[in-house]
1. Kindly indicate the residue of the stretch B:93-106 that is farther than 25 Å from B:GLY167 by Cβ and crowded, with 19+ Cβ neighbours inside 10 Å and also nearest to the other protein chains (Cβ to nearest Cβ) among those meeting that condition.
2. Take B:ILE51 and decide whether it is free of Cβ contacts under 8 Å to residues at least 60 places away in the same chain and away from chain A (no Cβ under 14 Å).
3. Would you confirm, using the coordinates I've provided, whether A:LEU47 is assigned to a helix (DSSP H, G or I) and in contact with a strand residue (DSSP E or B) (Cβ under 8 Å, 6 or more places away or on another chain)?
4. With respect to B:ASN147, determine if the residue is within 9 Å of chain A (Cβ to nearest Cβ), polar (S, T, N, Q) and either part of a loop (DSSP other than H, G, I, E, B) or within 23 Å of B:ALA112 (Cα to Cα) (or both).
5. What tally of residues in the stretch B:21-77 results from selecting those that are under 21 Å from the mean Cα position of the chain (by Cα) and part of a loop (DSSP other than H, G, I, E, B)?
6. Within the stretch A:189-209, is there a residue that is closer than 30 Å to B:ILE239 by Cα, of a type in the set (A, V, I, L, M, F, W, C) and touching a residue at least 60 places away in the same chain (Cβ under 8 Å)?
7. Would you kindly identify the helices (runs of 4 or more DSSP H) lying entirely within the stretch B:193-253 that contain at least 3 residues that are modelled with pLDDT under 95?
8. Across the stretch B:210-221, which residue is nearest to B:SER237 (Cα to Cα) among those that are surrounded by 24 or more Cβ atoms within 10 Å (Cβ to Cβ) and under 18 Å from the mean Cα position of the chain (by Cα)?
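The values are calculated or read from the model by the stated rules, or taken from the named source; none is laboratory data. Bear in mind the structure is a predicted one, so any value in this text is a computation, not a measurement. Here the Cβ positions follow ideal geometry from the backbone for every residue, glycine too, while neighbour counts run over all protein chains shown.
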Amino acid sequence: MSNFLFASIGKKFIMSISGIFLFLFISVHLTVNLLLIFDDSGELFNLGAHFMATNLIIKIVEPILGLGFVVHILWSLVLSYQNFMARPIGYLTKSRSVSSTWASRNMLILGSLVLVFLVIHIINFFWDIKFNPGKLNTVYINGGEIEDTYTLVASLFKASVIYDILYIIGGILLGIHLSHGFWSSFQTLGLNNRNWMKRLQRISYIYAVIIATGFAIIPLYFLIKF
Amino acid sequence: MADKILKKLNIKVWRQNSASEKGRFETYPIENISTGASFLEMMDILNEELINEGKDPVAFDHDCREGICGTCSLYINGRPHGPDTEVTTCQLHMRKFKDGQTITIEPWRAAAFPVIKDLVVERSAFDKILQAGGFVSVNTGGVPDGNAIPVSYDDAEESMDAAACIGCGACVAACKNSSAMLFVSAKVSHLAKLPQGKVEAKRRARSMIAKMDELGFGGCTNTGACEVECPKSISISNIARLNREYLVARFSE
């Protein structure tokens, strides 16, 4: 098994599986986040966030998710290093845009930028929600007292134009990363053929556009409305 | 109508005396090249001039000069086999270049393809991958009657499309990771799609991938550059098949 994990296709298999796991996470994450813009009182989002925080399945999946991120990042570094070593002397002239997309060639850079965004994002919200609940106010909804996550998120977006722009850029970067990553993960698993090649690539772009606009629209909404 | 003449070109070419010595670029001006000349004919003219001047001619690989042997290589102006699609360098014509242009010619760059001299690289790594599994070792018996072994039209077509690979190495040269996945996938696919080759499909994928990794080729990141630069337009759907064969082989153990 150990040679499988370090064979070229084995490493790509790990990237693909962890990537698909992260697609699922990001889709759920976006769904809950969109509650932010459908109810300005924040009640809907607070209920959604409370459900996510207390749901047993989510609690079980959460550490696996963390592991998914770590594996995806570590393996990408190992892969990139080995791919880099496969060409000790580079070319003087390159016309790469003729034959491949920018996103497909720069997944490491895109991924690194998304990681930088992720760290900022965790410091902004996740850390306080998870480990510093005293910082959050509480609200009463339907007779129960729950954390006011909405105010934490909305106040940042209402107060800071810089954060708004940062989150918009974060969403777009993630979308570009996924535009290649989505179909690529199926290709790596062998779940592709000449009929599905174009279809998968198209689905990949649609998925990427949904994720990018979905995440970008939230700070944009607060930027324009407040 | 006579072909136009390119009055002057600057040929910037990689010169390296041997595998162990360091290389460098050198620029040679060349005059009056017909647009009807092939790229390799231009190289021949350049070499004749170099020989007349008492200089060492530029070493480059070539053989059939009709696009079927896969011997000619050359990374021309940032692209394997130069600025044309579905051609080898011998099929590339000088009409693809402009008068006064500087043409940069580099060897294939990959750890697994070391430079022997100038533009000639050692491509025996491909042979080693083939020796690892690119064959049918089961006894296929005598020559069967026509149509005795049923092969569907689609399978036959896909197999033939993959078999069009001439092993030139443009996929490795084009890939940002110097990955040989397109080559390996073509060799695995053209056999895996036919009844005689299907028997050993899993073992073949495993041993060829193991050899590919051992020889220092990079991994595939699905940029698709190989397919675009391949003179035979081998589809990256073959890479999906290779991944599938390999993963099934690993997980069925």
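1. Once the filter is applied, the top-ranked residue is B:ILE103.
2. Yes.
3. yes
4. Numbers: within 9 Å of chain A (Cβ to nearest Cβ): no; polar (S, T, N, Q): yes; either part of a loop (DSSP other than H, G, I, E, B) or within 23 Å of B:ALA112 (Cα to Cα) (or both): yes.
Considered against the rule, which asks whether it is within 9 Å of chain A (Cβ to nearest Cβ), polar (S, T, N, Q) and either part of a loop (DSSP other than H, G, I, E, B) or within 23 Å of B:ALA112 (Cα to Cα) (or both), B:ASN147 comes out as no.
5. 18
6. The answer is yes, given that some residue of the stretch A:189-209 is closer than 30 Å to B:ILE239 by Cα, of a type in the set (A, V, I, L, M, F, W, C) and touching a residue at least 60 places away in the same chain (Cβ under 8 Å).
7. Filter on the stretch B:193-253 gives B:195-198, B:201-214, B:237-251.
8. Result: B:CYS220.
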